[in-house]
There are 2 protein chains.
Amino acid sequence: MDIAIPLYDRFTALDAIGPYEVLSRLPDARVRFIAHEPGPVVTVNGMLTILAEDALEDVPNPEIVCVPGGWGTRALLDDERMLAWIRGAHETSEWTTSVCTGSLLLGAAGVLEGLDATSHWLELEALSDFGARPTGARVVEQGKVITAAGVSSGIDMALMLAGQIAGDEFAKSVQLLIEYDPQPPYDSGSTEKAPDEIVANIRTLVAAMQG
Amino acid sequence: MDIAIPLYDRFTALDAIGPYEVLSRLPDARVRFIAHEPGPVVTVNGMLTILAEDALEDVPNPEIVCVPGGWGTRALLDDERMLAWIRGAHETSEWTTSVCTGSLLLGAAGVLEGLDATSHWLELEALSDFGARPTGARVVEQGKVITAAGVSSGIDMALMLAGQIAGDEFAKSVQLLIEYDPQPPYDSGSTEKAPDEIVANIRTLVAAMQG
(Lines give C-alpha, C1' and ligand atoms only; values in the text may rest on other atoms or scores of the structure.)
Protein backbone atom coordinates (compact mmCIF):
# COMPACT_ATOMS: atom_id res chain seq x y z
CA MET A 1 0.00 0.00 0.00
CA ASP A 2 1.79 3.10 -1.29
CA ILE A 3 0.93 6.24 0.64
CA ALA A 4 2.17 9.63 -0.56
CA ILE A 5 2.28 12.73 1.63
CA PRO A 6 3.31 15.81 -0.35
CA LEU A 7 5.17 18.41 1.69
CA TYR A 8 5.89 22.02 0.85
CA ASP A 9 7.36 25.13 2.40
CA ARG A 10 5.42 26.18 5.53
CA PHE A 11 3.33 23.03 5.95
CA THR A 12 1.95 22.15 9.40
CA ALA A 13 3.77 19.16 10.82
CA LEU A 14 0.97 17.51 12.77
CA ASP A 15 -1.28 17.57 9.69
CA ALA A 16 1.17 15.18 8.09
CA ILE A 17 2.46 13.23 11.08
CA GLY A 18 -0.96 12.33 12.54
CA PRO A 19 -2.00 10.36 9.45
CA TYR A 20 1.54 9.05 8.97
CA GLU A 21 1.55 7.56 12.47
CA VAL A 22 -1.66 5.66 11.75
CA LEU A 23 -1.35 4.79 8.06
CA SER A 24 2.29 3.66 8.28
CA ARG A 25 0.99 0.77 10.43
CA LEU A 26 -1.28 -0.59 7.68
CA PRO A 27 -0.23 -3.98 6.33
CA ASP A 28 2.53 -3.51 3.71
CA ALA A 29 2.32 0.25 4.07
CA ARG A 30 5.00 2.35 2.49
CA VAL A 31 4.66 6.02 3.33
CA ARG A 32 6.63 8.40 1.18
CA PHE A 33 7.07 12.07 1.95
CA ILE A 34 7.50 13.85 -1.36
CA ALA A 35 8.00 17.45 -2.46
CA HIS A 36 8.83 19.58 -5.47
CA GLU A 37 12.40 18.44 -4.97
CA PRO A 38 13.75 15.71 -2.69
CA GLY A 39 15.41 17.19 0.37
CA PRO A 40 14.61 19.35 3.37
CA VAL A 41 11.17 20.91 3.78
CA VAL A 42 10.62 23.39 6.59
CA THR A 43 7.49 24.09 8.65
CA VAL A 44 6.00 27.55 8.99
CA ASN A 45 7.85 28.43 12.18
CA GLY A 46 11.21 27.34 10.79
CA MET A 47 11.76 25.01 13.74
CA LEU A 48 11.24 21.64 12.09
CA THR A 49 12.69 20.16 8.94
CA ILE A 50 11.49 16.93 7.39
CA LEU A 51 13.34 15.29 4.52
CA ALA A 52 11.30 14.59 1.42
CA GLU A 53 12.45 11.30 -0.02
CA ASP A 54 11.36 11.84 -3.59
CA ALA A 55 10.09 14.45 -6.00
CA LEU A 56 6.35 14.62 -6.63
CA GLU A 57 6.59 13.01 -10.04
CA ASP A 58 8.58 10.07 -8.67
CA VAL A 59 5.38 8.83 -7.01
CA PRO A 60 2.69 9.30 -9.64
CA ASN A 61 0.30 6.53 -8.60
CA PRO A 62 0.06 6.13 -4.83
CA GLU A 63 -2.90 4.17 -3.50
CA ILE A 64 -3.43 6.79 -0.80
CA VAL A 65 -2.82 10.52 -1.25
CA CYS A 66 -2.77 12.58 1.95
CA VAL A 67 -2.31 16.32 1.51
CA PRO A 68 -1.47 18.22 4.71
CA GLY A 69 -2.28 21.87 5.27
CA GLY A 70 -0.46 24.88 6.58
CA TRP A 71 0.17 28.53 5.86
CA GLY A 72 2.02 27.44 2.73
CA THR A 73 -1.09 26.20 0.93
CA ARG A 74 -2.10 29.70 -0.23
CA ALA A 75 1.11 30.04 -2.26
CA LEU A 76 0.38 26.76 -4.02
CA LEU A 77 -3.16 27.42 -5.16
CA ASP A 78 -1.85 28.34 -8.59
CA ASP A 79 1.20 26.08 -8.56
CA GLU A 80 0.48 24.01 -11.62
CA ARG A 81 3.11 21.43 -10.75
CA MET A 82 1.58 20.57 -7.38
CA LEU A 83 -1.95 20.73 -8.75
CA ALA A 84 -1.08 18.52 -11.72
CA TRP A 85 0.48 15.99 -9.36
CA ILE A 86 -2.64 15.91 -7.18
CA ARG A 87 -4.90 15.64 -10.23
CA GLY A 88 -2.87 12.81 -11.70
CA ALA A 89 -2.52 10.91 -8.43
CA HIS A 90 -6.24 11.27 -7.79
CA GLU A 91 -7.06 9.65 -11.13
CA THR A 92 -5.61 6.33 -10.01
CA SER A 93 -5.74 6.57 -6.21
CA GLU A 94 -7.90 4.38 -4.03
CA TRP A 95 -8.22 7.22 -1.54
CA THR A 96 -7.54 10.92 -1.90
CA THR A 97 -7.41 12.68 1.45
CA SER A 98 -6.48 15.96 3.03
CA VAL A 99 -6.00 17.46 6.47
CA CYS A 100 -6.63 21.10 7.36
CA THR A 101 -6.07 23.52 4.47
CA GLY A 102 -4.75 20.65 2.39
CA SER A 103 -8.34 20.56 1.17
CA LEU A 104 -7.77 23.91 -0.57
CA LEU A 105 -5.13 22.19 -2.68
CA LEU A 106 -7.51 19.34 -3.47
CA GLY A 107 -10.04 22.01 -4.38
CA ALA A 108 -7.65 23.96 -6.59
CA ALA A 109 -6.78 20.71 -8.35
CA GLY A 110 -10.47 20.21 -9.14
CA VAL A 111 -10.94 17.19 -6.91
CA LEU A 112 -13.71 18.66 -4.74
CA GLU A 113 -16.07 19.95 -7.42
CA GLY A 114 -19.61 19.22 -6.27
CA LEU A 115 -18.51 17.45 -3.10
CA ASP A 116 -19.04 18.12 0.60
CA ALA A 117 -15.68 18.93 2.17
CA THR A 118 -14.05 20.37 5.24
CA SER A 119 -10.90 22.30 6.15
CA HIS A 120 -9.40 24.27 9.03
CA TRP A 121 -12.24 26.36 10.48
CA LEU A 122 -10.47 29.57 9.50
CA GLU A 123 -10.51 28.58 5.82
CA LEU A 124 -13.69 26.54 5.66
CA GLU A 125 -15.64 29.00 3.53
CA ALA A 126 -12.81 29.20 0.97
CA LEU A 127 -13.79 25.70 -0.15
CA SER A 128 -16.74 27.13 -2.00
CA ASP A 129 -14.29 28.89 -4.34
CA PHE A 130 -13.57 25.44 -5.72
CA GLY A 131 -17.12 24.23 -6.17
CA ALA A 132 -17.16 22.31 -2.89
CA ARG A 133 -19.83 22.50 -0.20
CA PRO A 134 -18.13 23.47 3.07
CA THR A 135 -19.31 21.38 6.02
CA GLY A 136 -18.30 21.71 9.62
CA ALA A 137 -17.86 17.97 10.24
CA ARG A 138 -14.48 16.81 11.53
CA VAL A 139 -14.11 14.18 8.80
CA VAL A 140 -16.05 14.27 5.55
CA GLU A 141 -16.12 11.20 3.32
CA GLN A 142 -17.36 11.49 -0.25
CA GLY A 143 -16.63 8.28 -2.06
CA LYS A 144 -12.88 7.95 -2.20
CA VAL A 145 -12.31 11.59 -1.23
CA ILE A 146 -11.91 12.27 2.48
CA THR A 147 -11.23 15.71 3.91
CA ALA A 148 -10.47 16.37 7.55
CA ALA A 149 -10.70 19.56 9.62
CA GLY A 150 -7.79 21.40 11.24
CA VAL A 151 -4.39 19.93 12.15
CA SER A 152 -5.15 17.24 14.76
CA SER A 153 -8.17 15.86 12.88
CA GLY A 154 -5.90 13.84 10.61
CA ILE A 155 -5.56 11.26 13.37
CA ASP A 156 -9.31 10.67 13.45
CA MET A 157 -9.47 10.62 9.65
CA ALA A 158 -6.63 8.12 9.36
CA LEU A 159 -8.15 5.78 11.94
CA MET A 160 -11.42 5.82 10.03
CA LEU A 161 -9.55 5.09 6.81
CA ALA A 162 -7.51 2.33 8.45
CA GLY A 163 -10.79 0.72 9.50
CA GLN A 164 -12.14 0.83 5.96
CA ILE A 165 -8.94 -0.60 4.50
CA ALA A 166 -7.96 -3.20 7.06
CA GLY A 167 -11.04 -3.68 9.22
CA ASP A 168 -12.28 -2.46 12.58
CA GLU A 169 -10.15 -4.86 14.61
CA PHE A 170 -7.01 -3.60 12.94
CA ALA A 171 -7.90 0.06 13.37
CA LYS A 172 -8.71 -0.52 17.03
CA SER A 173 -5.29 -2.14 17.45
CA VAL A 174 -3.64 0.91 15.95
CA GLN A 175 -5.65 3.19 18.21
CA LEU A 176 -4.42 1.20 21.21
CA LEU A 177 -0.82 1.16 19.95
CA ILE A 178 -0.76 4.94 19.69
CA GLU A 179 -2.78 5.09 22.94
CA TYR A 180 -5.25 7.48 21.34
CA ASP A 181 -7.56 7.98 24.30
CA PRO A 182 -7.75 11.77 24.10
CA GLN A 183 -8.15 13.69 27.33
CA PRO A 184 -7.65 17.34 26.43
CA PRO A 185 -7.41 19.51 29.55
CA TYR A 186 -9.78 22.06 27.99
CA ASP A 187 -12.86 21.77 25.80
CA SER A 188 -11.94 24.45 23.31
CA GLY A 189 -11.19 22.48 20.16
CA SER A 190 -13.90 23.85 17.87
CA THR A 191 -15.53 27.19 17.23
CA GLU A 192 -18.71 25.87 18.86
CA LYS A 193 -16.88 24.89 22.04
CA ALA A 194 -14.26 27.62 22.42
CA PRO A 195 -15.19 30.89 24.16
CA ASP A 196 -16.52 33.39 21.61
CA GLU A 197 -13.81 35.94 22.43
CA ILE A 198 -11.06 33.42 21.67
CA VAL A 199 -12.60 32.67 18.28
CA ALA A 200 -12.94 36.39 17.57
CA ASN A 201 -9.37 37.14 18.69
CA ILE A 202 -7.91 34.48 16.43
CA ARG A 203 -9.95 35.68 13.49
CA THR A 204 -8.66 39.21 14.06
CA LEU A 205 -5.05 38.10 14.42
CA VAL A 206 -5.16 35.95 11.32
CA ALA A 207 -6.84 38.67 9.27
CA ALA A 208 -4.05 41.04 10.34
CA MET A 209 -1.37 38.48 9.39
CA GLN A 210 -2.93 37.92 5.99
CA GLY A 211 -2.93 41.66 5.48
CA MET B 1 11.41 29.91 25.93
CA ASP B 2 13.92 27.31 24.75
CA ILE B 3 12.39 23.89 24.18
CA ALA B 4 14.61 20.91 23.40
CA ILE B 5 13.33 17.68 21.88
CA PRO B 6 16.06 15.03 21.70
CA LEU B 7 15.68 12.61 18.81
CA TYR B 8 17.39 9.28 18.26
CA ASP B 9 17.33 6.35 15.90
CA ARG B 10 13.89 4.65 15.87
CA PHE B 11 11.95 7.32 17.75
CA THR B 12 8.18 7.60 17.26
CA ALA B 13 7.34 10.71 15.28
CA LEU B 14 4.00 11.63 16.84
CA ASP B 15 5.55 11.50 20.34
CA ALA B 16 7.70 14.43 19.29
CA ILE B 17 5.41 16.26 16.87
CA GLY B 18 2.36 16.38 19.14
CA PRO B 19 4.15 18.46 21.81
CA TYR B 20 6.05 20.42 19.14
CA GLU B 21 2.80 21.50 17.50
CA VAL B 22 1.52 22.89 20.81
CA LEU B 23 4.68 24.17 22.50
CA SER B 24 6.06 25.89 19.40
CA ARG B 25 3.10 28.28 19.70
CA LEU B 26 4.09 29.49 23.17
CA PRO B 27 5.18 33.14 23.29
CA ASP B 28 8.84 33.41 22.24
CA ALA B 29 9.10 29.67 21.84
CA ARG B 30 12.12 28.23 20.15
CA VAL B 31 11.86 24.49 19.64
CA ARG B 32 15.09 22.72 18.82
CA PHE B 33 15.29 19.13 17.67
CA ILE B 34 18.64 17.78 18.82
CA ALA B 35 20.45 14.45 18.59
CA HIS B 36 23.82 12.81 19.19
CA GLU B 37 24.93 14.52 15.99
CA PRO B 38 23.15 17.19 13.97
CA GLY B 39 21.60 15.72 10.84
CA PRO B 40 19.02 13.17 9.78
CA VAL B 41 17.27 10.99 12.35
CA VAL B 42 15.02 8.18 11.15
CA THR B 43 11.85 6.75 12.71
CA VAL B 44 11.46 3.05 13.46
CA ASN B 45 9.77 2.20 10.17
CA GLY B 46 12.41 4.00 8.11
CA MET B 47 9.75 6.08 6.38
CA LEU B 48 10.31 9.47 7.99
CA THR B 49 13.47 11.48 8.50
CA ILE B 50 13.64 14.60 10.65
CA LEU B 51 16.71 16.81 10.69
CA ALA B 52 18.25 17.45 14.09
CA GLU B 53 19.45 21.02 14.17
CA ASP B 54 22.09 20.67 16.88
CA ALA B 55 23.98 18.13 18.92
CA LEU B 56 22.71 17.36 22.40
CA GLU B 57 25.48 19.33 24.10
CA ASP B 58 24.75 22.41 21.99
CA VAL B 59 21.55 22.90 24.01
CA PRO B 60 22.57 22.24 27.61
CA ASN B 61 20.03 24.42 29.40
CA PRO B 62 16.62 24.40 27.72
CA GLU B 63 13.70 25.65 29.77
CA ILE B 64 11.59 22.72 28.60
CA VAL B 65 12.91 19.24 27.93
CA CYS B 66 10.56 16.90 26.06
CA VAL B 67 11.83 13.36 25.50
CA PRO B 68 9.83 11.33 22.97
CA GLY B 69 9.61 7.55 23.02
CA GLY B 70 9.88 4.80 20.49
CA TRP B 71 11.44 1.40 19.93
CA GLY B 72 14.83 3.09 20.06
CA THR B 73 14.65 3.94 23.76
CA ARG B 74 15.76 0.48 24.86
CA ALA B 75 19.11 0.89 23.12
CA LEU B 76 19.70 4.17 24.97
CA LEU B 77 19.04 3.00 28.50
CA ASP B 78 22.78 2.68 29.04
CA ASP B 79 23.85 5.41 26.66
CA GLU B 80 25.76 7.64 29.02
CA ARG B 81 25.86 10.52 26.59
CA MET B 82 22.07 10.77 26.27
CA LEU B 83 21.53 10.13 29.97
CA ALA B 84 24.12 12.75 30.97
CA TRP B 85 22.43 15.26 28.69
CA ILE B 86 19.04 14.57 30.25
CA ARG B 87 20.49 14.74 33.75
CA GLY B 88 22.24 18.03 33.07
CA ALA B 89 19.29 19.62 31.28
CA HIS B 90 16.97 18.55 34.09
CA GLU B 91 19.16 20.33 36.66
CA THR B 92 18.31 23.72 35.18
CA SER B 93 15.04 23.08 33.34
CA GLU B 94 11.75 24.63 34.29
CA TRP B 95 9.95 21.56 33.02
CA THR B 96 11.25 18.08 32.25
CA THR B 97 8.75 16.04 30.26
CA SER B 98 8.42 12.82 28.33
CA VAL B 99 5.98 11.10 26.02
CA CYS B 100 5.54 7.34 25.74
CA THR B 101 8.72 5.36 26.47
CA GLY B 102 10.64 8.61 26.70
CA SER B 103 9.92 8.19 30.40
CA LEU B 104 12.25 5.18 30.47
CA LEU B 105 15.06 7.53 29.46
CA LEU B 106 14.08 9.99 32.18
CA GLY B 107 14.09 7.03 34.54
CA ALA B 108 17.48 5.76 33.43
CA ALA B 109 18.84 9.27 33.90
CA GLY B 110 17.63 9.20 37.51
CA VAL B 111 14.96 11.84 37.07
CA LEU B 112 12.00 9.69 38.18
CA GLU B 113 13.38 8.29 41.46
CA GLY B 114 10.55 8.28 43.99
CA LEU B 115 8.05 9.89 41.59
CA ASP B 116 4.76 8.76 40.10
CA ALA B 117 5.18 8.41 36.35
CA THR B 118 3.61 6.96 33.24
CA SER B 119 4.70 5.53 29.89
CA HIS B 120 3.32 3.58 26.95
CA TRP B 121 1.07 0.88 28.43
CA LEU B 122 3.33 -1.84 27.08
CA GLU B 123 6.28 -0.51 29.08
CA LEU B 124 4.51 0.95 32.09
CA GLU B 125 5.81 -1.60 34.59
CA ALA B 126 9.40 -1.03 33.46
CA LEU B 127 9.28 2.34 35.23
CA SER B 128 9.66 0.59 38.55
CA ASP B 129 13.18 -0.47 37.49
CA PHE B 130 14.10 3.18 37.90
CA GLY B 131 12.53 3.78 41.28
CA ALA B 132 9.38 5.35 39.84
CA ARG B 133 5.81 4.41 40.74
CA PRO B 134 4.01 3.43 37.51
CA THR B 135 0.56 4.98 37.24
CA GLY B 136 -1.99 4.47 34.51
CA ALA B 137 -2.94 8.15 34.19
CA ARG B 138 -2.60 9.75 30.78
CA VAL B 139 -0.54 12.67 32.08
CA VAL B 140 1.30 12.56 35.41
CA GLU B 141 2.64 15.77 36.90
CA GLN B 142 5.12 15.65 39.75
CA GLY B 143 6.47 19.10 40.37
CA LYS B 144 8.38 20.08 37.26
CA VAL B 145 8.46 16.52 35.93
CA ILE B 146 5.59 15.54 33.63
CA THR B 147 5.32 12.16 31.98
CA ALA B 148 2.68 11.28 29.41
CA ALA B 149 1.36 7.92 28.24
CA GLY B 150 1.73 6.45 24.74
CA VAL B 151 2.35 8.38 21.51
CA SER B 152 -0.73 10.63 21.10
CA SER B 153 -0.84 11.65 24.78
CA GLY B 154 1.85 14.24 24.20
CA ILE B 155 -0.79 16.56 22.75
CA ASP B 156 -2.78 16.47 25.99
CA MET B 157 0.37 16.88 28.06
CA ALA B 158 1.57 19.85 26.04
CA LEU B 159 -1.79 21.62 26.25
CA MET B 160 -1.75 21.21 30.01
CA LEU B 161 1.80 22.56 30.12
CA ALA B 162 0.91 25.47 27.82
CA GLY B 163 -1.86 26.36 30.25
CA GLN B 164 0.51 26.37 33.20
CA ILE B 165 3.09 28.47 31.35
CA ALA B 166 0.92 30.93 29.46
CA GLY B 167 -2.53 30.65 31.06
CA ASP B 168 -5.77 28.90 30.29
CA GLU B 169 -6.90 31.41 27.65
CA PHE B 170 -3.72 30.91 25.72
CA ALA B 171 -3.88 27.13 25.90
CA LYS B 172 -7.51 27.20 24.77
CA SER B 173 -6.49 29.31 21.79
CA VAL B 174 -3.86 26.77 20.84
CA GLN B 175 -6.38 23.97 21.17
CA LEU B 176 -8.68 25.83 18.80
CA LEU B 177 -5.86 26.63 16.37
CA ILE B 178 -4.95 22.95 16.07
CA GLU B 179 -8.67 22.12 16.13
CA TYR B 180 -8.12 19.51 18.81
CA ASP B 181 -11.68 18.33 19.23
CA PRO B 182 -10.95 14.61 19.13
CA GLN B 183 -13.57 12.33 17.63
CA PRO B 184 -11.92 8.94 17.30
CA PRO B 185 -14.10 6.54 15.28
CA TYR B 186 -13.45 3.79 17.85
CA ASP B 187 -13.14 3.74 21.63
CA SER B 188 -10.10 1.52 21.83
CA GLY B 189 -7.38 3.89 22.99
CA SER B 190 -6.49 2.31 26.33
CA THR B 191 -6.18 -1.19 27.72
CA GLU B 192 -9.35 -0.62 29.75
CA LYS B 193 -11.34 0.35 26.67
CA ALA B 194 -9.93 -1.89 23.95
CA PRO B 195 -11.30 -5.43 23.53
CA ASP B 196 -9.32 -7.87 25.69
CA GLU B 197 -8.28 -9.97 22.71
CA ILE B 198 -6.71 -6.95 21.01
CA VAL B 199 -4.69 -6.15 24.11
CA ALA B 200 -3.60 -9.77 24.39
CA ASN B 201 -2.69 -9.99 20.70
CA ILE B 202 -0.51 -6.90 20.86
CA ARG B 203 1.23 -8.15 23.99
CA THR B 204 1.98 -11.44 22.23
CA LEU B 205 3.24 -9.76 19.08
CA VAL B 206 5.46 -7.36 20.96
CA ALA B 207 6.88 -10.11 23.17
CA ALA B 208 7.75 -12.05 20.02
CA MET B 209 9.42 -9.00 18.45
CA GLN B 210 11.46 -8.39 21.57
CA GLY B 211 12.59 -12.00 21.46
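Only residues that are at the interface with chain A (Cβ under 7 Å from one of its Cβ atoms) and basic (Lys, Arg): list them for region B:181-204, please.
The one that is at the interface with chain A (Cβ under 7 Å from one of its Cβ atoms) and basic (Lys, Arg): B:Lys193.
Among the residues of region A:102-111, is there at least one that is at negative phi, surrounded by fewer than 16 Cβ atoms within 10 Å (Cβ to Cβ) and over 15 Å from the mean Cα position of the chain (by Cα)?
Within region A:102-111, the subset at negative phi is A:102-109, A:111.
This time we only want the ones that are surrounded by fewer than 16 Cβ atoms within 10 Å (Cβ to Cβ), so: none.
Scanning region A:102-111 turns up no residue that is at negative phi, surrounded by fewer than 16 Cβ atoms within 10 Å (Cβ to Cβ) and over 15 Å from the mean Cα position of the chain (by Cα).
Take the residues in region A:41-58 that are hydrophobic (A, V, I, L, M, F, W, C) and within 18 Å of B:Gly18 (Cβ to Cβ), then tell me which one is surrounded by the fewest Cβ atoms within 10 Å (Cβ to Cβ).
First pass over region A:41-58, keeping only residues hydrophobic (A, V, I, L, M, F, W, C): A:41-42, A:44, A:47-48, A:50-52, A:55-56.
Subset that is within 18 Å of B:Gly18 (Cβ to Cβ): A:44, A:47-48, A:50.
Numbers: A:Val44: 15, A:Met47: 19, A:Leu48: 25, A:Ile50: 25.
That would be A:Val44.
What are the residues in region B:41-56 that are acidic (Asp, Glu) and part of a strand (DSSP E or B), if any?
From region B:41-56, those acidic (Asp, Glu) are B:53-54; that's our starting set.
Hit for region B:41-56 is B:Asp54, nothing else.
Give the residue, chosen from B:Glu53, B:Glu21, that is touching a helix residue (DSSP H, G or I) at 6+ places or on another chain (Cβ under 6 Å) and at the interface with another protein chain (Cβ under 10 Å from one of its Cβ atoms).
None of the others qualify; the one that does is B:Glu21.
Can you tell me which of (1) within 9 Å of chain A (Cβ to nearest Cβ); (2) over 22 Å from A:Glu197 (Cβ atoms); (3) among the small types (Gly, Ala, Ser) is the one B:Ala132 doesn't meet?
Among (1) within 9 Å of chain A (Cβ to nearest Cβ); (2) over 22 Å from A:Glu197 (Cβ atoms); (3) among the small types (Gly, Ala, Ser), the lone unmet condition for B:Ala132 is (1).
Which ones in region B:1-40 are part of a strand (DSSP E or B) and within 17 Å of B:Leu105 (Cα to Cα)?
First, the residues of region B:1-40 that are part of a strand (DSSP E or B): B:2-6, B:11, B:30-35, B:39-40.
Scanning region B:1-40 gives B:Ala4, B:Ile5, B:Pro6, B:Phe11, B:Phe33, B:Ile34, B:Ala35.
Among the residues that make up region A:47-57, is at least one of them of a type in the set (Ser, Thr, Tyr), under 13 Å from the mean Cα position of the chain (by Cα) and assigned by TED's automatic domain parsing to the domain that holds A:Ser173?
We begin by selecting, within region A:47-57, every residue of a type in the set (Ser, Thr, Tyr); these are A:49.
With under 13 Å from the mean Cα position of the chain (by Cα) added as a condition, the list becomes none.
Checked against the condition, which is being of a type in the set (Ser, Thr, Tyr), under 13 Å from the mean Cα position of the chain (by Cα) and assigned by TED's automatic domain parsing to the domain that holds A:Ser173, region A:47-57 yields no hits at all.
From the set of residues in region B:84-101 that are among the aliphatic types (A, V, I, L, M) and under 14 Å from the mean Cα position of the chain (by Cα), which is farthest from B:Gly69 (Cα to Cα)?
By that ranking, first place goes to B:Ile86.
Is there a residue in region A:149-170 that is more than 7 Å from chain B (Cβ to nearest Cβ), in a strand (DSSP E or B) and free of Cβ contacts under 8 Å to residues at least 40 places away in the same chain?
No, there is no match, as no residue in region A:149-170 is more than 7 Å from chain B (Cβ to nearest Cβ), in a strand (DSSP E or B) and free of Cβ contacts under 8 Å to residues at least 40 places away in the same chain.
When you scan region B:98-127, how many residues do you find that are under 22 Å from B:Val59 (Cβ atoms) and within 14 Å of chain A (Cβ to nearest Cβ)? Talk me through it step by step, then tell me what you get.
Filtering region B:98-127 for residues under 22 Å from B:Val59 (Cβ atoms) gives B:98-112.
Checking which are within 14 Å of chain A (Cβ to nearest Cβ) leaves us with B:98-103.
Number of matching residues: 6.
If we keep just the residues of region A:32-50 that are more than 9 Å from chain B (Cβ to nearest Cβ) and without any contact (Cβ under 8 Å) to a residue 24 or more places away in the chain, which is farthest from A:Leu161 (Cα to Cα)?
Per the criteria, the residue is A:Gly46.
Does B:Ala84 meet the test of being exposed (fewer than 15 other Cβ atoms within 10 Å of the Cβ) and touching a helix residue (DSSP H, G or I) at 6+ places or on another chain (Cβ under 9 Å)?
Numbers: exposed (fewer than 15 other Cβ atoms within 10 Å of the Cβ): yes; touching a helix residue (DSSP H, G or I) at 6+ places or on another chain (Cβ under 9 Å): yes.
Considered against the rule, which asks whether it is exposed (fewer than 15 other Cβ atoms within 10 Å of the Cβ) and touching a helix residue (DSSP H, G or I) at 6+ places or on another chain (Cβ under 9 Å), B:Ala84 comes out as yes.
Looking only at region A:171-180, count every residue that is at the interface with chain B (Cβ under 7 Å from one of its Cβ atoms), of a type outside the set (S, T, N, Q) and part of a helix (DSSP H, G or I) and tell me the total. Explain how you work it out, then say what you get.
Of the residues in region A:171-180, the ones at the interface with chain B (Cβ under 7 Å from one of its Cβ atoms) are A:171-173, A:175-180.
Imposing the further condition that a residue be of a type outside the set (S, T, N, Q) reduces the set to A:171-172, A:176-180.
Still in the list and also part of a helix (DSSP H, G or I): A:171-172, A:176-177.
Of the residues in that region, 4 qualify.
When you go through A:Ala13, A:Ala29 one by one, which is the residue that is in contact (Cβ under 8 Å) with a residue 12 or more places away in the chain, more than 14 Å from A:Ser103 (Cα to Cα), of a type outside the set (Phe, Trp, Tyr) and buried (at least 24 other Cβ atoms within 10 Å of the Cβ)?
Criteria check complete, one pass: A:Ala13.
The values are calculated or read from the model by the stated rules, or taken from the named source; none is laboratory data. This structure is a prediction, so every number in the text was calculated from the model and none was measured. Counting neighbours? That spans all protein chains shown, and the Cβs are built from the backbone with ideal geometry, glycine included.
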